[in-house]
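Peer 1: Provided herewith is a single structure, encoded as structure tokens, for subsequent inquiry.
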Amino acid sequence: MSVKNYEKYTPDEFKNKTPKELGYYFPAEFFPHRATWLSWPHKELSWPGKIEKIYEPYSRFIAEISKGELVNINVNSAEMKDFALQYIKRTDADLNNITFYIHPTNDAWCRDHGPAFLINPKSVEHKKSIVNWNFNAWGNKYPPYDLDNKIPLLIAKEEKLPVFTPGIVMEGGSVEFNGKGTVLTSKSCLLNENRNPQIGQERIEKYLKDFYGVEQVLWVDDGIVGDDTDGHIDDTVRFVNDNTVLAVVESNPEDENYELLQVNLRQLKKMKLLDGQPLNVVELPMPSPVFCEGQRLPASYANFYIANESVIVPVFNCENDEIALNIIQQCFPDRKILGIDSTDIVWGLGSFHCLSQQEPAI
């Protein structure tokens, strides 16, 4: 599918300035959405032996989002659309809010290959734009990824949105925003030489500030065990409002996640926001370890998705599920909290947040 004519929606002045210079920024996930973008799962190698088991919980995820916003789903073909509808129609989804786009993908992880939507409320003509980061399948781990890398431009063409192209690798799951000038990320991922070996921390921070429209970059060291993304922040630390984060902690000192999450926690508690106030840190438990075929999986309650009317949380059939749901409910008193079994989905080494990308309403 051609993506060439997306450029006609990008004014010349956009090509010589950064989003920040033009007044654009990436809003927090709890900012109102116009839509959620997804890519229908189809890659057997991502869920070896289990892909048929993920369609039911994935469709429940779609149904819940559709109750409060549009759901736009990338599919490879009309046949894939029909296959997806078979599952979605078994749920209570609002089908009027669901649209399919023939945008072929290599895989399902739309958080990382989807567009980063920016907004500029003061703009008269272009209140929304897209950042077209490069995508290399988490350090060239899972080629091919050529189709995934085209998704931002296909969506920009579809929605007639201007595009900024920084020319470096960046993944949506590696960054977390409060919408007030701060981004959280991890050194293990963004400074990994398998992403952008030609640039160091100082230049990475400049890219984050220039192309996400932020003023402050806060770093934790690492991600959780089993995470093949080299430590995405969306498995460990999530903003729930302007100044508060949920941070996962492991209570068992013998667990291999215990110390690395304690290090992150100590770092978070020392952080201050742009107004000079300390970051408010709420601890969120980890689930019991989840294994499949002897492999430790990156199961985390932090990989929730904040939709307009609800927060959809991965749960894992363990005693901490209810504790985690109650903590998240306290952080989102005006939203429904829904736990959906992610035991099979996480075999793909991600969950609901990794599978989705929000488009802000403006």
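The values are calculated or read from the model by the stated rules, or taken from the named source; none is laboratory data. The structure displayed is predicted, hence computed values, not measured ones. Methodologically, a virtual Cβ is constructed for each residue, glycine included, from the backbone with ideal geometry; neighbour enumeration extends over all protein chains shown.
Peer 1: Just the residues that are part of a loop (DSSP other than H, G, I, E, B) and among the charged types (D, E, K, R), please, taken from segment 77-128.
Peer 2: K89, R90, D92, D94, D107, K122, E125, K127
Peer 1: Within segment 85-118, count every residue that is closer than 30 Å to G23 by Cβ and β-branched (V, I, T).
Peer 2: Looking only at that region, the number is 1.
Peer 1: Continuing with this model, one more query. Output the qualifying pairs, or none if there are none: Cβ atoms under 7 angstrom, residues six or more apart or on different chains, first residue in segment 270-283 and under 8 Å from N243 (Cα atoms), second residue of a type in the set (D, E) and buried (at least 16 other Cβ atoms within 10 Å of the Cβ).
Peer 2: none
Peer 1: If you don't mind, another one. Counting just the residues of segment 298-336 that are β-branched (V, I, T) and over 18 Å from the mean Cα position of the chain (by Cα), which one comes out surrounded by the fewest Cβ atoms within 10 Å (Cβ to Cβ)? Please lay out each step first, then the result.
Peer 2: As a first pass, look at segment 298-336 and keep what is β-branched (V, I, T): 306, 311-313, 315, 323, 327-328.
This time we only want the ones that are over 18 Å from the mean Cα position of the chain (by Cα), so: 323, 327.
On the way: I323: 14, I327: 18.
Among them, the one singled out is I323.
Peer 1: Taking segment 310-342 only, how many residues are closer than 20 Å to A35 by Cα and touching a Lys or Arg at 6+ places or on another chain (Cβ under 6 Å)? Walk me through it before giving the result.
Peer 2: Keep residues of segment 310-342 that are closer than 20 Å to A35 by Cα, which gives 310-313, 332, 334-338.
Still in the list and also touching a Lys or Arg at 6+ places or on another chain (Cβ under 6 Å): 310-311.
Qualifying residue count, segment 310-342: 2.
Peer 1: Being assigned to a loop (DSSP other than H, G, I, E, B) and among the polar types (S, T, N, Q) is the filter; apply it to segment 232-246 and report the residue that is farthest from A28 (Cα to Cα).
Peer 2: T236
Peer 1: Only one of P152, P115 is of a type outside the set (S, T, Y), crowded, with 18+ Cβ neighbours inside 10 Å, more than 23 Å from P48 (Cα to Cα) and without any contact (Cβ under 8 Å) to a residue 40 or more places away in the chain; which?
Peer 2: Values: P115 fails: without any contact (Cβ under 8 Å) to a residue 40 or more places away in the chain.
Testing whether each residue is of a type outside the set (S, T, Y), crowded, with 18+ Cβ neighbours inside 10 Å, more than 23 Å from P48 (Cα to Cα) and without any contact (Cβ under 8 Å) to a residue 40 or more places away in the chain leaves just P152.
Peer 1: Restricting to segment 214-231, count the residues that are surrounded by 24 or more Cβ atoms within 10 Å (Cβ to Cβ) and not in a loop (DSSP other than H, G, I, E, B).
Peer 2: Count: 1.
Peer 1: Continuing with the same structure: Confirm whether I312 is touching a Phe, Trp or Tyr at 6+ places or on another chain (Cβ under 9 Å) and farther than 12 Å from L246 by Cβ.
Peer 2: Working: touching a Phe, Trp or Tyr at 6+ places or on another chain (Cβ under 9 Å): yes; farther than 12 Å from L246 by Cβ: yes.
Yes, satisfied.
Peer 1: Moving on to the next point. Among the residues of segment 180-213 satisfying the criterion of being of a type in the set (G, A, S), closer than 22 Å to K272 by Cβ and more than 15 Å from the chain's Cα centre (by Cα), which is surrounded by the fewest Cβ atoms within 10 Å (Cβ to Cβ)?
Peer 2: Selected residue: G181.
Peer 1: OK, next. May I ask you to say which residue of Y9, Y25 is within 30 Å of D334 (Cβ to Cβ), among the hydroxyl-bearing types (S, T, Y) and touching a residue at least 60 places away in the same chain (Cβ under 8 Å)?
Peer 2: When all the criteria are applied, what remains is Y25.
Peer 1: Quick check on my filter: what residues within segment 316-349 are more than 16 Å from Y55 (Cα to Cα) and of a type in the set (V, I, T)?
Peer 2: Answer for segment 316-349, where residues must be more than 16 Å from Y55 (Cα to Cα) and of a type in the set (V, I, T): I323, I327, I328, I337.
Peer 1: Next up: Is it true that D148 is of a type outside the set (A, V, I, L, M, F, W, C), modelled with pLDDT of 95 or more and within 16 Å of the chain's Cα centre (by Cα)?
Peer 2: In short, yes.
Peer 1: Inspect segment 78-96 for any residue being crowded, with 18+ Cβ neighbours inside 10 Å, free of Cβ contacts under 8 Å to residues at least 40 places away in the same chain and either touching a His at 6+ places or on another chain (Cβ under 8 Å) or polar (S, T, N, Q) (or both) and give the result as yes or no.
Peer 2: Scanning segment 78-96 turns up no residue that is crowded, with 18+ Cβ neighbours inside 10 Å, free of Cβ contacts under 8 Å to residues at least 40 places away in the same chain and either touching a His at 6+ places or on another chain (Cβ under 8 Å) or polar (S, T, N, Q) (or both).
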